[in-house]
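Working notes for the structure below.
FYI, it's all coordinate maths here, none of it is from the lab. Fair warning: this is a prediction, and the values are worked out from it, not measured in the lab. Every residue, glycine as well, gets a Cβ built from its backbone with ideal geometry; the counts of neighbours run over all protein chains shown.
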Amino acid sequence: MKFKENTFNKKSIALIGFMGVGKTTIGRLVAQRLQRDFIDIDKEIERKYEMTPSEIFKIHGEHTFRKTERKMVSHFAKQELKVISLGGGAFLQDEIKHISLKENIVIFLDISWESWKERSSILIDRRPVLHGKNTTEMKELYYKRKELYAHHHLKVTTDDLSIEEVTDLVIDSLNNFLEIKE
Ligand SMILES: Nc1ncnc2c1ncn2[C@@H]1O[C@H](COP(=O)(O)OP(=O)(O)OP(=O)(O)O)[C@@H](O)[C@H]1O
Ligand SMILES: O=C(O)C1=C[C@@H](O)[C@@H](O)[C@H](O)C1
Ligand SMILES: [Mg+2]
């Protein structure tokens, strides 16, 4: 499947969505398919601090993590021809939301609560905002975050799809979107 050429398509693509929906996994594959650089904002922050997000939250606090996240996104969003995976909480910050929507094609990777719950056991360890939360609290967080992701250009629902199928759908929806923009 080819990616259509037009004037809009130099814009970087930003993936948003709840923790564990697949932003990192899908983002890397979409970048390979489009022959673009892949930037994972969480990984960039990890590299800067040489610590995982959980360690940064514990040692420096969430405020420091969010400030760095804001700086990183502002830096990369202005660059062309990237695929950028944002952290699950990035759109909590209006500045990130505005710059991403202005500079990038923002794709919301969606997952139902039921499918996410099935995946949650493999996620909790590395996601500090899930630590100490019971299922009801995680469900509350899931629905609260969903409101943030309502701001996007494209949405791809990932339920019951393999990683490869989601990647195909992302490329397809980008092609349709760019066709409309032509
Ligand atoms: N469509 C899918 N089907 C099955 N498993 C998937 C799918 N997409 C992602 N996964 C798996 O879910 C886990 C979380 O994926 P990933 O780390 O890419 O999520 P993320 O959105 O980047 O999370 P975070 O916001 O915390 O960075 C990984 O183990 C990945 O292999
Ligand atoms: O949803 C969140 O608040 C987060 C998601 C992860 O991607 C990381 O950015 C971090 O663990 C915070
Ligand atoms: Mg990720």
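For the reader, a short list of remarks on this structure follows.
- Protection-proxy order for peptides 19-27, 96-104, 145-153, each taking the mean of Cβ atoms within 10 Å per residue, highest first: 19-27, 96-104, 145-153
- Once Rg and the Kirkwood radius are both taken over the C-alpha atoms of region 33-101, their ratio Rg/Rh works out to 0.98.
- Note on Lys10: lysines with a C-alpha under 21 Å away, same-chain residues under 8 apart excluded, are Lys2, Lys23, Lys78, Lys82, Lys97, Lys102, Lys155, Lys181.
- Here the Debye sum runs over all C-alpha atoms of region 77-182 as equal scatterers in vacuum, and log10 of I(q)/I(0) at q = 0.12, 0.21 Å⁻¹ comes out as -0.48, -1.31.
- Region 8-181: relative contact order in percent, alpha carbon pairs under 8 Å with at least 6 residues between: 33
- Potential lengthening between Glu179 and Arg33 on full extension [0.36 nm per residue; Cα-Cα distance subtracted]: 50.7 nm
- Take the Cα of Tyr143, step 7 Å toward its Cβ, do the same at Ser54, and the gap between the two points is 2.8 nm.
- By the helix-only formula, in which each DSSP H run with n ≥ 4 contributes -39500 (n - 2.57) and the sum is divided by residues, the chain has a 222 nm mean residue ellipticity of -16000 deg cm²/dmol.
- Projecting the Cα atoms of Ile163, Phe76, Tyr142 onto the charge dipole of the chain, computed from C-beta unit charges around the Cα centre, puts Phe76 farthest toward the positive end.
- Of all aspartates and glutamates in the structure, the ones whose alpha carbon falls short of 19 Å from that of Lys67, not counting any fewer than 8 places away in one chain, are Asp40, Asp42, Glu44, Glu46, Glu50, Glu55, Asp94, Glu95.
- Relative to its residue count, the chain spans a Cα convex hull of 109 Å³ per residue.
- Computed extension gain for Gln93 through Glu164, at 0.36 nm per residue and net of the alpha carbon distance, reaches 22.5 nm.
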